[in-house]
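Notes for the one structure printed next.
The values are calculated or read from the model by the stated rules, or taken from the named source; none is laboratory data. These numbers come from a predicted model, not from an experiment. Here the Cβ is made from the backbone with ideal geometry for all residues, glycine too, and neighbour counts use every protein chain on show.
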Amino acid sequence: MLNKDLSTKLAKGLLVAGCVVTLAACGGGFGQDYDSPFEEPTPTPEPTPGPEPTPVPAPVDNNILPNSEFEDGSGDDFTGWSKLNSADTITAVTSDTCAGRGMQAVSAGGDPWSVQVSSPEFDTTIGADYTATMWIKSSVADATMRFSTSALNGAQYGGDNVIGTSWQQVVWNFQPNSDAMQLVLDLGASATTYLIDDVKIVPGLEPDPSSCPHTDGGSAGPTNLLSNGGFESGDGDAFTDWTVENGASGVSATAAEVHGGSRALQAVAAGGNEWDVQVTSARADTVVGTTYVASMWVKAAAAGGQVRFSTKTDIDVAQYQGLQTVGTDWTEISFEFAADDVKTSMVLDLGAVAATYYIDDVSLTEKPAE
Ligand SMILES: [Ca+2]
Ligand SMILES: [Ca+2]
C-alpha cells in the first residue's frame, strides 16, 4: 500500500521533472532587491527524463527546509518565510490544511511574482540534484503557479504548474547554482485563492513522500507550547524567545550541528552547578494540575555530557528533572511534569559537567490522554 502510493508520487515527480526549466544566471542584482520583479527566464531545452527511480522502502523524512509545514509563527507570520509581494494577501489558516497551520495566498491575477513568498535560506551543494515539493489547492480550476529560487548567483525558475481545486503535490527538480538559496513561490499569475502546506526540499530526485491531509487524520499532533523551539529565529548568537540566564559567553548559535532546520543552540559548559549554564524559554500558558511533556534533542561533542530540564514559574517553586546522560549522537530527552502555575518557562540546565552541547527542537506539549 505504502509502496504503491509512493510509486504513484514518484511517477508524478518524474512527469513534472520533465517540465523543469533551469536558468543558470539572470543578471546581477537579484537577491539584493526582493521587491523587484524577476526577469523572465529564457527557457532552456527540456531535459530528458532519467531512468525510473527505484521506490524507497519507506518514507524517509530528509527535508532540509526549516518550518516547512508552517507550524512556527504567530498571527499571519511564518517563521523564517518572507512575504515579498502582496504581503497583505498572504495569511495563516488552520482549516483545510495538510495538518495544523497552512498558508493562504489570494491573487488578483497578474505577473507570476506579483504574489510572492520566499522560504528560509537552506544550504545546498552546487550542481547536485534537489527536489522541491509543495501541497497546494486553488479555489478555481486551471490556476498556474511556479517555483523559483533566490540565490547569490541568480534566480532559477521552474515551469508552470497547473493547479486544480483538490490538494495536489507539485514537484520541481533543480540543481542549485549557489551554495545557499531560498525557495520562492510565485503565486501571482492567476486570479485565485491558494491554500498551501508542507513545502519540502529533499536532496536527490525523489519527492518528499508526504500525504495531504496527513494520514494520521489531519492532526498536527500535540501543539508545541514553546515558540522558536527549533532555534531558527534570532540574530547572531541570540535566540528569539529564549533567555540565556547564566553562562552566556558559552552559548551561541550553530549551523554545523542541527537536528532540524538550519540553526541550533550550542552551549559550552566548564563543569560545576547544573545552573551555571542555563537557557530559559518564553513563558508558555499551562493549566495547573495538567501533565506536560518537555522534550529536547541534544548531542555532545564528546561522551559523558549531562543535562536536565527544570521549570520556572511565578510561584518560585521549580521542578527538576534528574540529570540525563548525553552521548555523541542526537538523543531525545523528555521530562514529564504536572504544571503548578498558569505560566511555565522551560529551563535547560547545561552546566553540570564540562562539555560542548548541541540542542535543537525543544518542545512542550500537553501529555495526550491515555
Ligand atoms: Ca501545516
Ligand atoms: Ca533548528
### Task
Name the strands (runs of 3 or more DSSP E) wholly inside the stretch 207-299 in which the number of residues that are more than 16 Å from ligand 2 (Cβ to nearest atom) and touching a residue at least 24 places away in the same chain (Cβ under 8 Å) is 1 or more.
242-246, 264-270, 278-281
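Select, from Phe70, Phe147, Phe78, the only residue that is without any contact (Cβ under 8 Å) to a residue 40 or more places away in the chain, farther than 13 Å from Leu187 by Cα and either assigned by TED's automatic domain parsing to the domain that holds Phe174 or polar (S, T, N, Q) (or both).
Phe78
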### Among residues of the stretch 325-359, those that are outside any loop (DSSP other than H, G, I, E, B) and surrounded by fewer than 14 Cβ atoms within 10 Å (Cβ to Cβ), counted
6
### Task
State whether the residues of the stretch 301-315 include one that is within 20 Å of Leu265 (Cβ to Cβ) and of a type in the set (D, E, K, R).
yes
### Query
Which residue pairs have Cβ atoms closer than 9 Å, lie 6 or more positions apart in sequence or on different chains, and pair a first residue in the stretch 167-181 that is under 18 Å from Asp198 (Cα atoms) and without any contact (Cβ under 8 Å) to a residue 40 or more places away in the chain with a second residue that is part of a strand (DSSP E or B) and among the polar types (S, T, N, Q)?
Gln168/Asn161
### Summary
Given the conditions (1) touching a Cys at 6+ places or on another chain (Cβ under 9 Å); (2) farther than 22 Å from Thr89 by Cβ, every one holds for Ala180 apart from (1)
### Query
What single numbered condition from (1) over 28 Å from Thr344 (Cβ atoms); (2) buried (at least 17 other Cβ atoms within 10 Å of the Cβ) fails to hold for Ala284?
(1)
### Summary
When Ser210 is run through (1) touching a Gly at 6+ places or on another chain (Cβ under 8 Å); (2) surrounded by 20 or more Cβ atoms within 10 Å (Cβ to Cβ); (3) among the hydroxyl-bearing types (Ser, Thr, Tyr), the failure sits at (1)
### Task
For the stretch 160-178, indicate whether the set of residues that are part of a strand (DSSP E or B), away from ligand 1 (no atom under 16 Å from the Cβ), more than 20 Å from the chain's Cα centre (by Cα) and among the hydrophobic types (A, V, I, L, M, F, W, C) is non-empty.
yes
